[in-house]
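Derivation of every value follows stated rules applied to the coordinates shown; laboratory data play no part. Since the structure is predicted, the reported quantities are computational estimates derived from the model, not experimental observations. Here the Cβ is made from the backbone with ideal geometry for all residues, glycine too, and neighbour counts use every protein chain on show.
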Amino acid sequence: MRTWLLHPIVFYPLAALLAVLVIALSARPQSWPRAPAPVSGQTAGSALVLTQVSFDAPTGDPDQNVYVTRNFLGQAQALRIAVQPNKNTPSAADRGVQILLAPSTAAALAGRPATIVVTYNPLAVNAATGLAVSLEGAGPNVWVAQNAPPQHGALRFEVPAQAGVNAVGLRAISTNENQREAYGLEITRISITPHPQTTLAH
């Protein structure tokens, strides 16, 4: 007995629809890049913590490759950055890869030095040898760099105060000679702890 699903009037349209769905899923539109957008992060005590969803829409950087790792649903999991060959350490004019901060979040960081801790994984191939970060805003960027050992770890940066804070800047560093490919690392967590505000004694 033939099932109604095998009737040509039903079967062929269903087969065509299934083929379209398979093609659409294989393209993984949920993983396509997003337009840069500010994030709020989470608070943990006095610290601002950026993880997963905070890495969803960073800005690009002409000196670096940027890739957001995502799960099947397209939700951001980590941020991979890799510096292009023969690029010097960043200058005050460089922005790096930026994680934009929402105004309400950035307001707590403005005009205050801060401690930034970046948790990372080295890339399996072409691991960066260092990382530089900056707290970015109205003034020139001050980059603070640390060596990044080739194993999972956390790097601690002491960054100076910045007026009008609006972003955290990230720049992978490679000291490998004769570099022909991009070298980078995977960032899984960033915490930013502003230092207590001090008042001058009269």
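A few points about this structure:
- Sorting the segments 76-82, 62-68 by their residues' average number of neighbouring beta-carbon atoms within 10 angstrom, most packed first, yields 76-82, 62-68.
- Residues whose placed amide H lies under 5 Å from that of Ser40, excluding near-sequence neighbours: Ala102
- Mean Cβ count within 10 Å, highest first, over the residues of peptides 89-100, 179-190, 164-175: 164-175, 179-190, 89-100
- Note on segment 35-194: semi-axes of the ellipsoid equivalent to its C-alpha gyration tensor, largest first and rounded to whole Å, are 23, 18, 14.
- With both labels modelled 7 Å from their Cα along Cα-to-Cβ, the Leu73 to Val125 distance reads 3.2 nm.
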